[in-house]
Amino acid sequence: MAPRTITRAAVAGLAAVALLGSAACGSGFDDSSGDTAQSSGPASLQILIGSSGEAETKAVQDAAAKWASSSGNTATVTPAQDLTQQLGQALAGGTPPDVFYVDAAQFANYASVGALEPYGDKISNSGDFYESLRSAFTYDGKVYCAPKDFSTLALQINTDLWTRAGLTDADVPTTWEQLTAVAQKIKAKGQVPLALGDTRDRIGAFMVQNGGWLVSKDGKQPTADTPENLAALQYVKTMLSTGLAKYPKQLDAGWSGEAFGKGKAVMTIEGNWIKGALQNDFPNVKYKVVALPAGPKGQGTLSFTQCWGVAAKSKYKDQAIKFVEAMTSGEQQMTFAKAFGVMPSRQSARDQYTAAFPADKVFIDGAAYAQGPVNAPKMDSVLKDLDTGLQGLANGDPKTVLQNFDKNAKAALGGS
């Protein structure tokens, strides 16, 4: 399965979020009702995380234990089996953990029903978080939570296959035109040029590079059916229909990183998580990472991020916010980076990170021109339908895909 896709656990999450929404309609999560008495004295924080594995779980548990020891509180970190489902059920049941990971793709579902405490600007130097990440966790003008870390997309090139195709560093594409030209040269040598993920989580980058996106900045208006987005999808359609790009399924792979690791494509578009995947599964693959080729309107990539959510119903909000403060310090973010490979969400940690991980500079540079996921509630089924349309793009009509999205999104957003 492709790591860090914003659609993960979506099916399970739909039921949980629907449950959450119905519960919110009943009694309301909004703490303005005054039904959440704050406990004084030492806190006993419950923290729910969506862990990538043992390294992340241990790192967060160690950091929590250090904070608890120094603050006189207790903090229990639990890795979820399915974060979206478990969190949705806990919130709907009125027994949420105090602190929890919130994926940017699910954030608006929770914020829109008052499940989250909007504490974002209470964190020290909150302006130090990358603006694209702050925007991802802003709802109705409020920054709700502190970004935990982030990922962006870049272009990976298999250097052995690149050389075999007669290409050099001078051929690395920096524009769409150059990407097409180099892909044609690779195809002429009998190789598949590009393995491309078949959802908005990858194809959406082309929209951004042409000045487009799916919704307005405030997340309230669908904006898919535009000339910019149409031209972007037409470009991708041409790449697919001429064999210059192929979806993972066409290459007998579960995701693009697997196809790339198996040598079934010379290039792919993935995030910094591909480093760990290749080290584990395809350690002998030699590759380089470069920025995604710029489109007609400039550079563009997609960002994926999570924040530290604090429950509006927590009895320990003050202590929970102090916990998040400790977890998002530059020093702690670097500790996490070294432990399980994430990129710090604080700009002040950028130089330290790139010094420690110079090969990841391209990914962290992408923060300056990255677009986060759709930040609007009740959009899960709309986005799933969009992905279905994109999966048939090679033989489909891009205009219809975009029109369908706008129609469905307008209904979901209430035409507001």
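For the reader, a short list of remarks on this structure follows.
- The residues MET239, MET267, when put in order of fewest to most other Cβ atoms within 10 Å, stand as MET239, MET267.
- Across LYS220/LYS322; LYS275/LYS297; LYS187/LYS237; LYS66/LYS322, pairs whose alpha-carbon gap is larger than 24 Å: LYS220/LYS322; LYS275/LYS297
- Degrees, to the nearest 10: 200-209 long Cα axis against longest axis of the chain: 70 degrees
- FRET E, pair SER381, ARG164, Förster distance 45 Å, beta-carbon r, rounded to 0.05: 0.55
- Among (i) 0.98; (ii) 0.95; (iii) 1.02, the entry that matches Rg/Rh (Cα atoms, Kirkwood Rh) as calculated here: (i)
- Fraction of antiparallel bridges per DSSP, the chain only, in percent to nearest 5: 65 percent
- Candidate aspartates and glutamates for bridging to LYS399, where Cα separation is under 12 Å - those fewer than 8 sequence places away on the same chain excluded: ASP225, GLU228
- Taking 17 Å as the cut-off, the amide N atoms of segment 66-88 that come nearer than this to a point 7 Å along the Cα-to-beta-carbon line of ALA339 belong to 66-71, 74-80.
- Counting only aspartates and glutamates at least 8 places from LYS264 when in the same chain, those with an alpha carbon closer than 17 Å to its own are ASP160, ASP198, ASP252, ASP281.
- Vicinal HN-Hα couplings computed from phi for segment 253-268 (Karplus, 6.51 cos²θ - 1.76 cosθ + 1.60; Hz; Gly/Pro x): 10, x, 7, 4, x, 5, 4, 5, x, 7, x, 8, 8, 7, 10, 8
- Alpha-carbon centroids, segment 204-256 and segment 327-384: separation in whole Å: 22 Å
- Here the residues SER348, SER256, SER126, ranked from fewest to most Cβ neighbours within 10 Å of their Cβ, fall in the order SER348, SER126, SER256.
- Cα long-axis angle, helix 317-327 against the chain (0 to 90 degrees, to the nearest 10): 40 degrees
- The fewest-to-most ranking of SER112, SER151 by surrounding Cβ atoms within 10 Å reads SER112, SER151.
Quick note: the coordinates plus some simple rules give every number you see, no bench work behind them. Since the model is a prediction, treat every value here as computed from it, not as a measurement. Positions of Cβ are generated from backbone atoms using ideal geometry, with glycine treated the same way; all protein chains shown enter the neighbour counts.
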